[in-house]
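Notes follow once the structure below has been shown.
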Amino acid sequence: MSITPLAAVPPAHLVTAPDFRGRLGRDARSGHYAVPHRYRLHLSTACPDGLRLAVGHALLGLADSCPVTFLPALPDGLDGGHAELRPLYEASAHHYRGPALAPVLSDDWSGRIVSTHARDILRDLDRFPRTCKNPLFPPGLESVIESVERMCAEGIEEAAQRAGRAGAGPAERAAALDALLDTLGRLERRLAGEEYLADGRLTAADVELWVSLVQLDLVHRCHLDASAVQRIAEHRALWAYARRLAGHPAFGRHLDLDGIARRHQGHCQGLEAAGAAVQILDWAAHVSGSPDASRR
């Protein structure tokens, strides 16, 4: 496991944490064996990484073998972290003084952190013994899933942030919007006539894209102008796909609309634009179930 130490604690909106990169193996020799009832997830569904893990965990049916501790939308520690996670960080990093951030996969046997890297955690959850027969990372589809992950990270999340960044010049914002629309167009064409992104089945690629679309509509849209949001909304197949998945219990019941809004307000450094008034989907009308009130 590698840990990157912190020299000092920055302001709350810039906090980082040590990078714990332990992995679960398939046998006891790995040190962290994927055995039921040993590990626990700690996450906030208001956070994109936490939402990805909550949805993936539900799709895999791991509620009994790997329980989840749901954390508040806004960290409650003075250092910008979650007070509930501080014992885990202090047990896992000598003289740790930084923020205790989520998500975390912890080992209940040792009381230490295994990983804070969301994509590794999701892949490792896929190794757990489970009743669900459908893996999130089916053999032969790894490259497709990784391609979607890159498209979402670079072509949606990063491009949308640049397109709405305060202080950016018109040319920079226009180029970022073009990159965003190009990515959405490619995904639109892939989903034309298809229910899912890969091989006609629900995989981690769908979890990744759905969370990115949630963030695009509920967060990034607020910093774009109305015409940009209208162009984004024109990808009919893409938003029909997002709406359909919101109706799936594993997706919709973890969509904490109030928590996402409060987290955005607490972290946002940008300026609100006209696009904030042009919501693309009425998520509340389509979600299946609702988040547990204890998370809020």
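The values are calculated or read from the model by the stated rules, or taken from the named source; none is laboratory data. Computed from a predicted structure; not experimentally measured. Note: ideal-geometry Cβ built from the backbone for every residue, glycine included; neighbour counts use all protein chains shown. For the accessible areas, the whole protein counts, side chains as well, though only heavy atoms, and no ligand, DNA or RNA atoms are used. Shrake-Rupley method; radii C 1.70, N 1.55, O 1.52, S 1.80 Å.
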Listed by first then second residue, the pairs whose first member lies in segment 129-149 and is open to solvent by 80 Å² or more (accessible area, probe 1.4 Å), whose partner is among the charged types (D, E, K, R), with beta carbons under 8 Å and at least 6 positions apart or on separate chains, are ASN134/ARG201
Which count do you get for residues in segment 219-229 that are surrounded by fewer than 20 Cβ atoms within 10 Å (Cβ to Cβ) and not small (Gly, Ala, Ser)? 1
Filter result (assigned to a loop (DSSP other than H, G, I, E, B) and under 27 Å from LYS133 (Cβ atoms)) within segment 153-196: GLY193, GLU194, GLU195, TYR196
Quick check on my filter: what residues within segment 33-51 are farther than 18 Å from ARG262 by Cα and open to solvent by 20 Å² or more (accessible area, probe 1.4 Å)? TYR33, VAL35, PRO36, HIS37, ARG38, ARG40
Pick out, from segment 197-296, the helices (runs of 4 or more DSSP H) lying fully within it that include 2 or more residues that are of a type in the set (Asp, Glu) and modelled with pLDDT of 95 or more. 204-218
Looking at segment 230-248 only, could you name the residues that are touching a residue at least 12 places away in the same chain (Cβ under 8 Å) and open to solvent by less than 70 Å² (accessible area, probe 1.4 Å)? ILE232, ALA233, HIS235, ALA237, LEU238, TRP239, TYR241, ALA242, LEU245, ALA246, GLY247, HIS248
Across segment 123-152, what is the number of residues that are in a helix (DSSP H, G or I) and closer than 23 Å to ALA34 by Cβ? 7
Residue pairs qualifying under the 7 Å Cβ cut-off, at least six apart or on distinct chains, with the first in segment 51-73 being free of Cβ contacts under 8 Å to residues at least 60 places away in the same chain and assigned by the TED database to the domain that holds LEU88 and the second being open to solvent by 10 Å² or more (accessible area, probe 1.4 Å) and assigned to a helix (DSSP H, G or I), are VAL68/HIS57
